[in-house]
1. Of everything in region 95-121, what is in a strand (DSSP E or B) and of a type in the set (G, A, S)? Give them in sequence order.
2. Counting only residues that are part of a loop (DSSP other than H, G, I, E, B) and buried (at least 18 other Cβ atoms within 10 Å of the Cβ), how many does region 240-264 have?
3. Determine whether region 66-75 contains at least one residue that is closer than 19 Å to A23 by Cα, modelled with pLDDT of 95 or more and in contact with a Ser or Thr (Cβ under 7 Å, 6 or more places away or on another chain).
4. Which condition does Q206 not pass, out of (1) assigned to a loop (DSSP other than H, G, I, E, B); (2) at pLDDT 90 or above; (3) not aliphatic (A, V, I, L, M), if it passes all the others?
5. Can you tell me which residue among T74, T46, T81 is assigned to a loop (DSSP other than H, G, I, E, B) and either surrounded by 18 or more Cβ atoms within 10 Å (Cβ to Cβ) or in contact with a strand residue (DSSP E or B) (Cβ under 6 Å, 6 or more places away or on another chain) (or both)?
6. Need pairs with beta-carbon distance below 6 Å; first residue basic (K, R) and within region 190-210, second in a loop (DSSP other than H, G, I, E, B); sequence gap 6+ or separate chains.
7. Are any residues in region 212-226 surrounded by fewer than 18 Cβ atoms within 10 Å (Cβ to Cβ) and outside any loop (DSSP other than H, G, I, E, B), and if so, which ones?
8. For region 27-67, which residues satisfy the criterion of being of a type outside the set (F, W, Y) and touching a Lys or Arg at 6+ places or on another chain (Cβ under 7 Å)?
Amino acid sequence: MNPRLLLAMMLVLVFAVPLQSLAGTIDPLYNWAWSDEIGWINFSQTGGTVTITDTALTGYIWNENYGWINLAPTEGGVINTTAGDLAGFAWGEYVGWIDFDNAMINASGKFTGTASGSIIGTLSFDCTQCDVRTDWRPTTVPKPTPTPSPTPPPVPNPNQEYSSSPNPSQTPPPVVGPGSAPVCKLLLFSANLKLGSQGQEVKQMQAFLRQQGLFNYPTDTGYFGQITKNAVMQFQEKYAESILKPFNLSQPTGNWYPATMAKANSMLSCQTP
């Protein structure tokens, strides 16, 4: 084959294939960002396996007080571009949604800017001791104006308790609590619920447990997470004589099953005048 023709073909192939970066990881020596509400967040915690590609961030970051934060939850996710412009939402069970729209990765692989959330406040990559770096590199010039992030999804990830967008139209029914007047003929509980369940009846159960002084989460989320399970266990312990003892149980289960529902329903119902 003609050498000039071969060279021309090679040049065509080189410039026809778009340049892509390899997946990157976080430098374990430079892995800390600072939240003004919850403190340091580690982007290289053992087991978190944060990975950066041309399209997304995956894995988990860690806060000592609030635990793991998922960079790629089912209903959200932090997205990346070949220019290093970040956007989208991470999720933590106890911190809710975190917006990365004002953060980016610069040409040196350093995270800059901020992320923000209703619980974490402002997460800074640029404070005096903040420094998060990756071996991933942008391959295109950043856009002068970042693309707006999508609206946070209203439905929580199936392993989380917190809902960032509760629906104000779905008001839980009134329930009987300490010092309350009896309410007759309320909607009684009938569905078996456990860790991972979600829906309106979970929200009603949370409202009931709140009235009992057992569920102290900021909102009734409609998702049965660990906080809800703990509240159910406290309810079962409080009324162990009618919930646990008949089944020879010495420890609460945390499941909202018939015996537990029967006790709750007995507290919700009364004789019609």
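1. G96, A103, G113, A115, S116, G117, G121
2. The first filter runs over region 240-264 and keeps only residues part of a loop (DSSP other than H, G, I, E, B), leaving 244, 248-255, 257.
Next cut, buried (at least 18 other Cβ atoms within 10 Å of the Cβ) only: 244, 252, 254-255.
So the answer is 4.
3. Yes, that holds for at least one residue.
4. (1)
5. Residue meeting the stated conditions: T81.
6. Matching pairs, first to second residue: K194/N255; K203/P172; K203/D220; K203/G222.
7. If the condition is that a residue be surrounded by fewer than 18 Cβ atoms within 10 Å (Cβ to Cβ) and outside any loop (DSSP other than H, G, I, E, B), then Q226 is the only one that fits.
8. D27
The values are calculated or read from the model by the stated rules, or taken from the named source; none is laboratory data. These figures come from a predicted structure and were not determined experimentally. With ideal geometry, Cβ positions are generated from the backbone for all residues, glycine too; neighbour counts draw on all protein chains shown.
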